[in-house]
Amino acid sequence: MAQVETELPFVIGHRGAAGLAPENTLTSIIRAKKEGATWVEFDVMLARYGEAILFHDETIDRTTNGSGAVADLSLSELRKFDAGLWFDPAFLGERIPTFVEAMVTLAQQGLGANVEIKPTKGAERETATAVARLIKSDWPSNTAAPVISSFSEDAIAVVHQEIPEVPRAMLFWKLPTDWREIVSRYECDAIHMSDRHLTLSLLADAAAMGLPVRVYTVNDPERARALRDMGVQSIFTDRPDLIKD
Ligand code: G3P
Ligand code: MG
């Protein structure tokens, strides 16, 4: 595990730099760095035999030239598909990366990361367990400790138990009424939530609890400035070329 202290910047590349390169690929992560980002976010899901890969959707239809459910396909089957062509022909030949490959790329690029656990339905605990084990065994020591996040309470419960020393954020689309209980139960260090549902009173409530708020997905520089002025700690953006620290 990392020895470098976790200090988050204002700009975090979303799925790498999803507006500039095919999301959740190594090229997307490297592109975020080229555009000046020092941290990236990506999604981790399990393939058929428990292989941890970077992927967002439950099926491969939108972001590859194949079709089918991720949970039904092995890593070697998934690797046969092109993960770049759908975005732009210039990215032909891009492959779905494993979580371990992404960690190596982070170390090579000197990037920090928010690892979002993105389980397929029913695989919440299994996905979080795999992520926790891989972070324990393979997280590069020259890289800032990651921030782990998930929309899944079950996933956050597992990482809370397995790797309590790694910072955690509960991820919300819209804050439920019992959000305070949820973040307290799992001793979360931060709240990640959608820009759509952010309010000033919520920011004040989070600040009163000592919880930084990080907001997705913000691609408009004006909005980013406003959020920073409101006290938002970080934003997740597809366009780190447009929004700078
Ligand atoms: O982690 C922030 C953001 O990535 C959550 O939404 O659907 O883009 O993974 P999504
Ligand atoms: Mg995500």
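Some notes on this structure:
- Those residues of region 124-171 which are within 16 Å of Arg48 (Cα to Cα) and within 16 Å of ligand 1 (Cβ to nearest atom), in sequence order: Glu124, Thr127, Ala128, Val131
- Of the residues contained in region 64-71, none is found to be closer than 23 Å to Glu162 by Cα, hydrophobic (A, V, I, L, M, F, W, C) and more than 16 Å from ligand 1 (Cβ to nearest atom).
- Flag for Ala83 being more than 16 Å from ligand 1 (Cβ to nearest atom), touching a residue at least 60 places away in the same chain (Cβ under 8 Å) and closer than 24 Å to Thr237 by Cβ: yes
- Meets criteria (surrounded by fewer than 21 Cβ atoms within 10 Å (Cβ to Cβ) and over 24 Å from Arg79 (Cα atoms)) for Asp138: no
- Where Arg48 falls short, out of the listed (1) within 16 Å of ligand 1 (Cβ to nearest atom); (2) in contact (Cβ under 8 Å) with a residue 24 or more places away in the chain; (3) surrounded by fewer than 19 Cβ atoms within 10 Å (Cβ to Cβ); (4) over 13 Å from the mean Cα position of the chain (by Cα): (1)
- Taking the listed residues Gly122, Gly110, Gly93, the one that is under 23 Å from Glu165 (Cβ atoms) and surrounded by fewer than 17 Cβ atoms within 10 Å (Cβ to Cβ) is Gly110, with no other qualifying.
- Residue within region 231-244 that is part of a helix (DSSP H, G or I) and either at pLDDT 95 or above or at positive phi (or both) present: no
- When restricted to residues that are in contact with a Ser or Thr (Cβ under 9 Å, 6 or more places away or on another chain), loosely packed, with under 15 Cβ neighbours inside 10 Å and modelled with pLDDT of 95 or more, region 160-187 contains 1.
- Just one residue in the set Ala206, Ala157, Ala190, Ala224 is within 16 Å of ligand 2 (Cβ to nearest atom), at pLDDT 95 or above and crowded, with 16+ Cβ neighbours inside 10 Å; that residue is Ala190.
- The residues of region 229-245 that are away from ligand 2 (no atom under 16 Å from the Cβ) and under 20 Å from the mean Cα position of the chain (by Cα), listed by number, are Val232, Gln233, Asp241, Leu242, Ile243, Lys244, Asp245.
- Filtered by the rule that a residue be without any contact (Cβ under 8 Å) to a residue 40 or more places away in the chain and within 12 Å of Ile96 (Cβ to Cβ), region 18-44 gives a lone residue, Ser28.
- Some residue of region 115-123 being farther than 18 Å from Ala155 by Cα and out of contact with any helix residue (DSSP H, G or I) (no Cβ under 6 Å at 6 or more places or on another chain): no
- Index of the failed condition, Pro119 passing every other in (1) touching a residue at least 12 places away in the same chain (Cβ under 8 Å); (2) of a type outside the set (Val, Ile, Thr); (3) farther than 30 Å from Leu198 by Cβ; (4) assigned to a loop (DSSP other than H, G, I, E, B): (3)
- Among (1) surrounded by fewer than 19 Cβ atoms within 10 Å (Cβ to Cβ); (2) within 16 Å of ligand 1 (Cβ to nearest atom), the one test that Val100 misses: (2)
- In region 122-134, of all residues being in a helix (DSSP H, G or I) and in contact (Cβ under 8 Å) with a residue 40 or more places away in the chain, the one that is nearest to Glu58 (Cα to Cα) corresponds to Thr127.
The values are calculated or read from the model by the stated rules, or taken from the named source; none is laboratory data. Every value quoted in this text rests on a predicted model; they were computed, and no experiment measured them. Every residue, glycine as well, gets a Cβ built from its backbone with ideal geometry; the counts of neighbours run over all protein chains shown.
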